[in-house]
Every structure is written in structure tokens, then in C-alpha cells.
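These notes are about the structure you will find just below.
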Amino acid sequence: MAKKDCKKKTLKRKKLHPESLMMGYGYNPQWSEGSIKSPIFQTSTFVFETAQDGKAFFELAHGFRERGQREKVGLIYSRLNNPDLEILEDRLTLWDNAEAAAVFESGMAAISTTLLELPEPGQVVLHSDPVYGGTDHFLKHTLAKFNIRAIGFDPDDGIDELNALIDKEGVRDKVGAIFIETPANPTIELYDIEACSIVAKDLSQADRKVHVIVDNTFLGPLWQHPLKHGADIVIYSATKYIGGHSDVVAGAALGDEATIQRIKMLRSQLGSMGGPWISWLLMRSLETLKIRMEKQLSNAKKVAAYLERHPKVETVYYLAHHDPTTRQGEIYKKHCLEPGAMISFDIKGGEQEAFSFMDNLELFHLAVSLGSTESLVQHPATMTHSGVDPEERKAYGITEKMIRLSIGVEHPDDLILDIEQALEKVS
């Protein structure tokens with residue numbers, strides 16, 4: 001609805017920035033009694049003016065025909081479309097300059113729906129290792145039930161290494177998708193989106209496109225734009241930076257119009273679309289996304305620098321600390337605008353020392369998730385990645401001494417003070 005009625009505004013023929021457009025793009029106050037914010041359209045169904053309208057709307061919804069040049073996609077039922085959902089999806093396209101977006105009830109719903117739609121039974125999904133624990137289980141266990149095989153690859157792998165892996169596994173004519181989580185959770189390692197895109201194009205055939213899907217949750221819509229580097233679909237756990245207040249669970253997939261429409265068709269069958277309340281809350285959060293992420297970034301740089309100097313910290317994993325001459329440094333320079341606000345570090349010792357540190361924090365909240373206004377701390381090996389195969393977890397470097405921080409918007413001096421006093425209590 002919204003995209004057809006509201007164009008991107010310009011001032012003196014200048015294209016406005018996304019943070020400005022977030023205040024009203026896709027919505028006209030005249031539609032809703034002059035309300036400056038979109039109302040919450042808490043309804044399950046919509047009234048058609050005529051029976052012919054109902055027929056026409058369903059024809060478009062089911063893809064029975066192409067939309068006419070001036071024809072609008074009508075509202076039918078909130079499992080298919082809702083004004084709040086459509087306005088949100090229009091606004092989400094702005095940061096990544098995507099053609100279309102699909103919003104889901106969770107990040108895992110976005111990932112699972114996309115991976116169920118794009119690769120086909122009998123095909124293979126090449127994927128980065130490690131990935132979030134829920135994604136790991138879906139790739140390696142759930143997709144297997146649909147006869148879709150998952151094959152992992154390493155952070156520094158480029159075109160040659162990916163092709164060698166494909167030939168070694170004998171799957172050159174079976175790859176259906178390449179899935180990348182970059183930076184990786186929780187190791188903060190980067191994967192070469194551009195290299196994956198080149199390999200995918202080489203593998204694609206007239207009747208089989210190999211899609212590159214990138215989970216961009218850790219850097220969010222500000223600090224990395226995968227579509228610009230050859231990705232076909234970018235996915236977010238919108239629970240994180242986009243929501244940003246630890247009060248919403250949601251997900252999103254963005255890309256070209258045709259592919260997103262395919263994903264939306266399956267979304268309507270699975271019933272995993274975002275509802276009006278979630279959509280309204282995310283629209284609220286988008287208005288402050290940039291200022292939140294800029295503050296979190298500023299804080300994280302200071303916290304990471306402090307951790308680097310502390311004698312009880314063995315290793316700090318933060319994008320800004322990559323040696324520019326290394327493969328990781330090269331990928332960071334090519335793909336990332338800023339290092340973001342996610343930090344992992346190895347404390348000297350093991351699980352006992354890690355738990356002691358976390359239990360003594362006072363300002364940080366001991367909780368999973370990330371990207372919220374409050375700073376969070378968690379232990380990946382026993383929490384978010386506890387379901388990953390122990391041997392694989394060890395190979396990835398997700399050990400008992402690793403701690404993951406999500407830096408919030410508090411004063412950086414207070415965050416460092418909290419870390420300092422907690423480390424002092426670690427024997």
C-alpha cells in the first residue's frame with residue numbers, strides 16, 4: 001500500500017538520508033485523521049468495496065497475474081498484508097537500498113523461511129562456520145529432513161578455497177544457496193561477501209540461481225550493506241539493533257522484489273509474518289536507530305581498548321583491532337563502514353573465571369540477545385551456542401573462557417568501571 005502512494009521526498013532535488021525518511025516515509029497522515037504517527041491497525045481482515053475488488057486483490061496476492069501500471073495491491077487479511085506491516089517494510093528498505101522487505105515474527109523465522117524457499121530438496125547450502133546456535137541447528141538438522149545438505153566453510157576462505165571445497169565435496173551442480181553470518185556470532189570473524197557472490201554467479205545456471213544470503217544482524221543496517229557487495233538477500237534479527245529496546249522479537253529479509261515475493265508467499269503459508277503491534281514498535285525504533293548505533297559504537301571502541309590493556313584478558317575479538325594486512329583486515333576494509341558494538345574476549349582461565357566475572361557485574365545485564373540500549377553479557381559456550389556440537393564449538397574457538405558483550409548506550413566510563421570492578425574479583 002504505502003510504497004505505491006508515497007515517494008521518497010526530495011529537498012531541492014536532493015535525496016534525503018534514511019534517518020530523515022524514517023520519520024514519515026510510506027505513510028500519509030491524511031489516511032488516518034491527521035495522526036502524525038501511523039495508528040496500530042489491530043484487525044484481522046479488511047472490507048472490500050466491491051466483490052470485483054476482492055477478486056482482483058486475491059489474483060494479485062496469489063500471483064495469478066501481473067499488477068497493472070496504476071493498480072494498487074489491496075488489503076485482504078493480516079496474514080497477507082497489514083498497513084503497519086507494509087509501512088515498516090517500506091522503511092526497512094531504505095538503509096540497504098533494497099527493492100523490497102519481508103518482516104517476520106522472529107529472526108529465526110526470517111532465516112528458516114528463506115532457507116526453506118530458496119534451496120530445493122537434493123541441493124546443498126554452503127554456510128559460514130560458526131553461526132548462531134539456532135541457525136546452526138536449523139542448517140545441520142532441520143534442513144536435513146528436507147534432503148538439503150549443509151556444508152560449512154572457514155572465515156578466510158576466498159574464491160579459490162570455496163571452489164576447492166565444492167569440488168572436494170562433489171557438489172558443483174547441487175549448490176542451491178550460500179548462507180553467510182558476518183560478523184560471526186560470537187567469534188566476530190568476517191566472511192567475504194563479494195567472493196561468495198562471484199562463486200554463486202559461476203555456479204548459477206539458467207534454471208538454477210544460487211542465492212547469497214547474508215545475516216547482517218551483528219553490524220545492523222548502518223555499518224555493513226551486503227547487497228552492495230553482491231548478496232541477494234540480507235537478513236536481520238530485528239529483535240536486535242532495529243528493535244533496540246529488548247521489548248520486541250522480530251526478523252526481516254530484504255532483497256529484490258521477485259525473490260522477496262517468493263519468500264512472502266511461503267511466509268503467508270507458514271503464518272510467520274510480523275503483526276501490527278510488532279510493526280508499530282519497530283517503526284518507533286527505526287526513528288532512533290542511527291543515534292543509538294552511533295552511541296553504542298562510540299562506547300564499544302572505548303570498552304574494547306580498555307579490555308586490550310587488562311592483564312586478566314587473554315584475547316579481545318573486535319573488528320577495529322584487525323591487522324589491516326591480514327585476510328580479516330582486508331575483508332573489514334572492503335565490507336564494513338564501522339566495527340559495531342559487539343565484543344567478545346577470552347578471560348584468562350576458564351569457565352570458573354568467566355562466571356565469576358559475569359556474576360560480579362552490576363551495570364551489565366547477564367542475558368542473551370544483543371543490540372539493545374542496555375549493555376548485555378553472556379557466555380556463548382554454555383548459553384547461545386550450547387547446542388552446537390562440542391568438537392565443532394572447540395574448533396571455532398568458542399571455549400569456556402570466551403565472554404560476549406553487547407555494548408549499550410550507557411556512559412562509557414561507567415561501563416568500564418563495572419568491568420574493572422568485576423575483573424578485580426576474579427581470582
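Laboratory data are not the source of any read-out in this text; all were calculated from the coordinates shown. Computed from a prediction, not measured in an experiment: that's the story for all the values here. Glycine gets a Cβ as well: all are built from the backbone with ideal geometry, and neighbour counts include every protein chain shown.
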Inset, instruction - Can you figure out the FRET efficiency of Asp389 with Lys14, using R₀ = 45 Å and their beta-carbon distance, to the nearest 0.05? - result: 0.30
Inset, instruction - Which order do the peptides 118-126, 143-151 take when ranked by the mean count of other beta-carbon atoms within 10 Å per residue, highest first? - result: 118-126, 143-151
Inset, instruction - Tell me the label-point distance for the pair Asp173, Thr142, using the 7 Å Cα-to-Cβ offset, in nm and rounded to one decimal. - result: 3.1 nm
Inset, instruction - Could you pull out which residues in the stretch 401-427 have an amide N less than 17 Å from a spot 7 Å beyond the Cα of Lys348, following the Cα-Cβ vector? - result: 401-403, 420-427
Inset, instruction - With r as the distance between the Cβ atoms of Ala367 and Glu314 and R0 = 25 Å, compute the FRET efficiency 1/(1 + (r/R0)^6) and round to 0.05. - result: 0.55
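As a test, work out the antiparallel percent of DSSP beta bridges whose residues both lie in the chain, rounded to the nearest 5.
Close to 60 percent.
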Legend entry - Computed E for Gln30/Asp414 - FRET, C-beta separation, R0 60 angstrom, nearest 0.05: 0.85
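Do the alpha carbons of any pairs in Lys72/Lys264; Lys240/Lys295; Lys168/Lys334 sit beyond 19 Å of each other, and which pairs?
On the way: Lys72/Lys264 17 Å; Lys240/Lys295 15 Å; Lys168/Lys334 28 Å.
Check vs 19 Å cut-off fails for Lys168/Lys334.
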Inset, instruction - Could you pull out every residue, at least 5 positions away or on a different chain, whose amide H is within less than 5 Å of the one on Gln123? Hs are placed 1.01 Å off N in the peptide plane, and Pro or chain starts have none. - result: Arg149
Legend entry - Using alpha-carbon coordinates, inclination of helix 159-169 to the longest axis of the chain, degrees: 90 degrees
Inset, instruction - Measure nothing but the geometry: give the 0 to 90° angle between the long axis through the Cα atoms of 107-117 and the longest principal axis through the Cα atoms of the chain, rounded to 10°. - result: 60 degrees
Inset, instruction - Would you order Thr315, Thr113, Thr182 from fewest to most other beta-carbon atoms within 10 Å of each residue's own beta-carbon? - result: Thr315, Thr113, Thr182
Inset, instruction - Please list, in chain and number order, the residues 5+ apart from Thr315 or on another chain whose amide H is under 5 Å from its amide H, with Hs placed from the backbone. - result: Asp346
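Which of the peptides 379-392, 221-234 is most tightly packed, and how do the rest follow, judged by the mean count of other Cβ atoms within 10 Å per residue? Can you show the working numbers first?
Working: 379-392: 16.9, 221-234: 21.9.
Output ranking for 379-392, 221-234: 221-234, 379-392.
Could you list Val214, Val131, Val249 in order of exposure, starting from the residue whose Cβ has the fewest other Cβ atoms within 10 Å? All intermediate terms of the calculation are to be shown ahead of the outcome.
Details: Val214 30, Val131 26, Val249 18.
Listing Val214, Val131, Val249 from fewest to most nearby Cβ atoms yields Val249, Val131, Val214.
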Legend entry - Which of Leu85, Leu94, Leu337 has the fewest Cβ neighbours within 10 Å, and the rest in rising order: Leu337, Leu94, Leu85
Inset, instruction - Can you tell me the 0 to 90 degree angle between the C-alpha axis of helix 51-61 and the longest principal axis of the chain, rounded to 10? - result: 30 degrees
Inset, instruction - Report Rg (one decimal) and Dmax (nearest whole number) for the stretch 107-236, counting Cα atoms only, units Å. - result: 13.2, 38
Inset, instruction - Would you grab the residues whose amide H sits under 5 Å from the one on Gln378? Only those 5+ places off in sequence or on another chain, please, with H modelled 1.01 Å from N. - result: Arg404
Legend entry - Integer Hz, Karplus 6.51/-1.76/1.60 couplings in order for the stretch 171-180, x for Gly and Pro: 10, 4, 9, 10, 5, x, 6, 10, 10, 10
Legend entry - Vicinal HN-Hα couplings computed from phi for the stretch 406-415 (Karplus, 6.51 cos²θ - 1.76 cosθ + 1.60; Hz; Gly/Pro x): 10, 8, x, 9, 5, 5, x, 4, 6, 5
Inset, instruction - Provide the per-residue ³J(HN,Hα) series for the stretch 211-216, in order, calculated from phi with Karplus coefficients 6.51, -1.76, 1.60 and θ = phi - 60°, each as a whole number of Hz, with x at glycine and proline positions. - result: 7, 9, 10, 10, 7, 9
